1. Does Ala178 satisfy being within 16 Å of the ligand (Cβ to nearest atom), in contact (Cβ under 8 Å) with a residue 12 or more places away in the chain and in contact with a Leu (Cβ under 6 Å, 6 or more places away or on another chain)?
2. Out of Phe334, Phe370, report the one residue that is modelled with pLDDT under 95 and not basic (Lys, Arg).
3. Which condition from (1) touching a residue at least 12 places away in the same chain (Cβ under 8 Å); (2) under 28 Å from Gln167 (Cα atoms) is the one that Thr321 breaks?
4. Considering the range 36-75 alone, what residues qualify as being surrounded by fewer than 21 Cβ atoms within 10 Å (Cβ to Cβ), more than 17 Å from Pro196 (Cα to Cα) and among the small types (Gly, Ala, Ser)?
5. Go through (1) touching a helix residue (DSSP H, G or I) at 6+ places or on another chain (Cβ under 7 Å); (2) within 28 Å of Phe221 (Cα to Cα); (3) free of Cβ contacts under 8 Å to residues at least 24 places away in the same chain one by one and return the number of the condition Arg434 breaks.
6. Among (1) outside any helix (DSSP H, G or I); (2) surrounded by 21 or more Cβ atoms within 10 Å (Cβ to Cβ), where does Asn189 come up short?
Amino acid sequence: MSKLDTETGVVAAETLDSVEAPVTWRTYAMCVFASFGGIFFGYDSGYIGGVQGMDYFIHMISGPDATKLLSWQSSLIVSILSAGTFCGALMAGDLADYFGRRFTIILGSAVFIVGVALQTASAGLVLLVVGRAVAGLGVGFVSAIIILYMSEIAPKKVRGAIVSGYQFCITIGLLLAACVSYGTEKFENSGSYRIPIGLQMLWALILGVGLMFLPESPRYFIKKGKVEEARKALGRVRGQDPNSPYIEAELNEIRANHEYEKRMTPETGYIGSWLLCFSGSVGLASSNVRKTLLGISLQMMQQWTGVNFVFYYSTIFLKGTGAVSDPFLMSLIFTLVNVLSTPLSFWFVERFGRRSMLLWGAIGMTVCEFIVAVIGVTVGFNHTHPVGDATIADNIPAVNAQIAFIAIYIFFFATTWGPGAWVLIGEIFPLSIRSRGVALSTASNWFWNFIIGYITPYLVGPEYANMQSSVFFLWGTLCAVCIVYAYFLVPETKGLTLEQVDQMLDEVSPRKSAAWKPTTTFASREEKQTTA
Ligand code: BGC
């Protein structure tokens, strides 16, 4: 099949290129539809901030005289979702290997609908919390497996852009949540919280029903040994006849890679297969443990950039300066910058690659965050004086400059680390541990999301550390760590098939990865073995 030099194992360039069919509109449409799962993620993390500030909701949970929720209530309501998503993401890997990627996403949507129905029906804390835990499980399934599914069906040339579409949907979800809560916050009946909560069922219905019409991932079928099903599924996702030479070549490559990995990995039971994610030496970039740690740490670093500080707490934070007449509107502007800048990443990720994107993004964010922090300690945010019950900033232009740099910081996040972290976790794992690797990485995102959400009030609360905008020294320092991290540890995966990514990680260090070009295919290696 391949034009192989059996002496050297080197394959003709045209064979390497034709490992995949040309991209069709149908392929785009399928992948773009799958990215809709991002709406869950964004909306679910976005709506609760608004709902917690609604008078009707506060009175329902904390009593008729309450002006805000008690801290433990607020913390429970917010964090129970992360607990659910964390567990959901971890379980999802097993389900995706057992029942398939598509089924797990559909199941996630169904579980989510049950959770949302419980929350919508609730008229008190208990049912609401139970509902959020159940919905969280569903979001966990969906957020982990959508990435896996999209990475497995997307063509290599546009895989980065397509997975970035998922991030775009997260940003739209955040925006929608902010707008809907804004629209209903003044209602003096249960519609104030029931509408924003109940609306989410619509996203789940669209995703769940839509996926019933999409094919399963061909790589899942290969893992299960169902070659003919894999051929049909691949034909559908590539818009080709299942017996076309393109499909034949790509299928051969996926199969050969899987055979190769199976030969290299011992047969194990359930626990052993989890332990496989942590096998090999930490010093070796191609070992499973390194890939798993890379995925987990990528998502951790993405949270360490401090982005959710801006999305979860900017309204409260801006209120504290007294310099902004409508803090809600201002935080809506950050959300809008986030949505509008993300599409640029579709181009960045394929033009400059994942590695450069993360490196330059971290540099941009670090600079902005330090500027915000330095203005704060000299003339901005940290300088206020009391006027009656309120506080007024001493230097409003300086506060405005800080707000502008926070917006630029969001621009850098949205075009680089936002999508980049998701793109990479879909690409770095070999098929044998891919579903679990992606699941562990997604669980790490939710874990750190929770930790940051939990500690932030203590960092900025006047009765606690009261860091004000000096908190940006902390985020800036963590972003500086992201620069070093990206330089030493992030490989370039642009333009390679998932099987070629495996090969590249075997052969070069992350720093040399951008220059790596494939010279053999797994299919040709197998062919060479048979010939020998
Ligand atoms: C992050 C979220 C964040 C969102 C903002 C995602 O990639 O994982 O935590 O809220 O981007 O757009």
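The values are calculated or read from the model by the stated rules, or taken from the named source; none is laboratory data. Please read all numbers here as calculations on a predicted model, not as lab measurements. When we count neighbours, we look across all protein chains shown, and the Cβ atoms used for this are built from the backbone with ideal geometry, even at glycine.
1. The answer is yes for Ala178.
2. Among Phe334, Phe370, only Phe334 is modelled with pLDDT under 95 and not basic (Lys, Arg).
3. Here Thr321 meets the rest and fails (2).
4. Result: Ser62, Gly63, Ala66, Ser71, Ser74, Ser75.
5. (3)
6. It fails just one condition, (2).
Let's see how each residue does on (1) more than 30 Å from Phe346 (Cα to Cα); (2) surrounded by fewer than 20 Cβ atoms within 10 Å (Cβ to Cβ):
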position	(1), (2)
Gly380	yes, no
Asp389	yes, yes
Ala401	no, yes
Tyr409	no, no
Phe429	no, no
Ala439	no, no
Ile451	no, yes
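Conditions tested, residue by residue: (1) small (Gly, Ala, Ser); (2) out of contact with any Pro (no Cβ under 6 Å at 6 or more places or on another chain); (3) within 16 Å of the ligand (Cβ to nearest atom).
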position: Met91; (1), (2), (3): no, yes, no
position: Leu95; (1), (2), (3): no, yes, no
position: Arg102; (1), (2), (3): no, yes, no
position: Phe112; (1), (2), (3): no, yes, no
position: Ala121; (1), (2), (3): yes, yes, no
position: Leu127; (1), (2), (3): no, yes, no
position: Val163; (1), (2), (3): no, yes, yes
position: Gln167; (1), (2), (3): no, no, yes
position: Gly183; (1), (2), (3): yes, yes, no
